[in-house]
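Have a look at the structure below before the remarks.
The values are calculated or read from the model by the stated rules, or taken from the named source; none is laboratory data. Quantities reported herein were computed from a predicted structural model and do not represent experimental measurements. Here the Cβ is made from the backbone with ideal geometry for all residues, glycine too, and neighbour counts use every protein chain on show.
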Amino acid sequence: MNKADQSTDRQAQSVYKIFRAGEWRDALAAGAFSGSADDGRDGFIHLSAAHQLAGTLARHFSGESGLVLAAFPAARLEPALRWETSRGGALFPHLYGVLPMAAVSAHWPLELRGDGLHQLAALPDAEPAGT
């Protein structure tokens, strides 16, 4: 990824969180999400820009059903939202704090295709999984 792409990431209007069904239900009930076991281990909540979702789904959620994708306006998560170098040297959004569920701007169930990857067609600027 070049510097121009990384700059665009930092200015993304929305960032996304992939929730497992139980995480989604618990977060809605609590009004906030404090992170998955992986998030807790790493010390921040892992988020993605739209164009990073296909890779995140393929790498960490392949074959899993019952996932929910939620969009959050990046500006509503500041100043706890930081763009940091991660997979392949790309900048990924990381949240150092709890994720307020009142900030969800949209959410979608992620359909699992026959090949074990997820369909992202409903999202603007996201590449279909597996491309």
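Considering Leu81, Leu77, Leu117, which residue is surrounded by 14 or more Cβ atoms within 10 Å (Cβ to Cβ), hydrophobic (A, V, I, L, M, F, W, C), at pLDDT below 95 and more than 11 Å from the chain's Cα centre (by Cα)?
Leu117
I'd like the residue in the stretch 90-112 that is in contact with a strand residue (DSSP E or B) (Cβ under 7 Å, 6 or more places away or on another chain) and not in a strand (DSSP E or B) and, out of all such residues, is modelled with the lowest pLDDT.
Glu111
Are any residues in the stretch 57-73 surrounded by fewer than 19 Cβ atoms within 10 Å (Cβ to Cβ), within 21 Å of Gly89 (Cβ to Cβ) and either touching a residue at least 40 places away in the same chain (Cβ under 8 Å) or of a type outside the set (Lys, Arg) (or both), and if so, which ones?
Those that are surrounded by fewer than 19 Cβ atoms within 10 Å (Cβ to Cβ), within 21 Å of Gly89 (Cβ to Cβ) and either touching a residue at least 40 places away in the same chain (Cβ under 8 Å) or of a type outside the set (Lys, Arg) (or both): Ala58, His60.
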